[in-house]
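Participant: Here you go, one structure.
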Amino acid sequence: MEFFFNNLAVGYFTAEKYPTTAGRFEYMPYRGPGHYQMQEEIEAQGCCQCYYQHNGKIIQFVVLNYPKYGVLDLAEFNIVAHNAT
């Protein structure tokens, strides 16, 4: 349930399934450069693009906001690649 920004782990979604549609989702952030850089990008640009890998696919999505600790507003889910693994 882990997701990434700029190839750095940001955290993991706490629901039983990965998000696939726009909405508000809970997650557990990691303390590290991925989460920090994601927040910096949102502050500077108003949103950022992240991704997760699931069932051999790479799914990109846009993080619109982090309204409170452990919550993200997400949109624009797209399959961008298929993994070899």
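For every residue, the table says whether it meets (1) of a type in the set (Lys, Arg); (2) at pLDDT 95 or above; (3) touching a helix residue (DSSP H, G or I) at 6+ places or on another chain (Cβ under 9 Å).
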residue: Glu2; (1), (2), (3): no, yes, no
residue: Phe5; (1), (2), (3): no, yes, yes
residue: Val10; (1), (2), (3): no, yes, yes
residue: Gln45; (1), (2), (3): no, yes, no
residue: Tyr51; (1), (2), (3): no, yes, no
residue: His54; (1), (2), (3): no, no, no
residue: His82; (1), (2), (3): no, no, no
residue: Thr85; (1), (2), (3): no, no, no
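Participant: Within segment 7-29, how many residues turn out to be part of a loop (DSSP other than H, G, I, E, B) and of a type in the set (D, E, K, R)? Give the steps one after another, and end with the answer.
Facilitator: Pass one, segment 7-29, residues part of a loop (DSSP other than H, G, I, E, B): 7, 14-22.
Subset that is of a type in the set (D, E, K, R): 16-17.
Residues in segment 7-29 being part of a loop (DSSP other than H, G, I, E, B) and of a type in the set (D, E, K, R): 2 in total.
Participant: One residue is enough: does segment 13-26 have a residue meeting the conditions surrounded by fewer than 16 Cβ atoms within 10 Å (Cβ to Cβ) and at positive phi? It would help to see each step written out before you state the result.
Facilitator: Within segment 13-26, the first condition is being surrounded by fewer than 16 Cβ atoms within 10 Å (Cβ to Cβ), and the residues that meet it are 14-17, 20-24, 26.
From what's left, at positive phi: 23.
Yes, because at least one residue in segment 13-26 is surrounded by fewer than 16 Cβ atoms within 10 Å (Cβ to Cβ) and at positive phi.
Participant: Between a residue in segment 63-84 that is over 15 Å from Cys50 (Cα atoms) and any residue that is part of a loop (DSSP other than H, G, I, E, B) and hydroxyl-bearing (Ser, Thr, Tyr), which pairs come within a Cβ distance under 8 Å, given they are 6 or more apart or on different chains?
Facilitator: Note: pairs meeting the criteria are Gly70/Thr14.
Participant: Here's something else I'd like to know. Applying the selection to segment 37-64, what residues are of a type in the set (S, T, N, Q) and surrounded by 14 or more Cβ atoms within 10 Å (Cβ to Cβ)? Lay out the reasoning, then the answer.
Facilitator: So the first thing to find is which residues in segment 37-64 are of a type in the set (S, T, N, Q), and the list is 37, 39, 45, 49, 53, 55, 60.
If the condition is that a residue be of a type in the set (S, T, N, Q) and surrounded by 14 or more Cβ atoms within 10 Å (Cβ to Cβ), then Gln37, Gln39, Gln49, Gln53, Gln60 are the ones that fit.
Participant: Hey, another quick one. Based on what the data block shows, is Ala44 assigned to a strand (DSSP E or B), more than 12 Å from the chain's Cα centre (by Cα) and of a type outside the set (Phe, Trp, Tyr)? Show your work before the answer.
Facilitator: Details: assigned to a strand (DSSP E or B): no; more than 12 Å from the chain's Cα centre (by Cα): yes; of a type outside the set (Phe, Trp, Tyr): yes.
No; evaluated as a whole, the condition is false for this residue.
The values are calculated or read from the model by the stated rules, or taken from the named source; none is laboratory data. This structure is a prediction, so every number in the text was calculated from the model and none was measured. Note: ideal-geometry Cβ built from the backbone for every residue, glycine included; neighbour counts use all protein chains shown.
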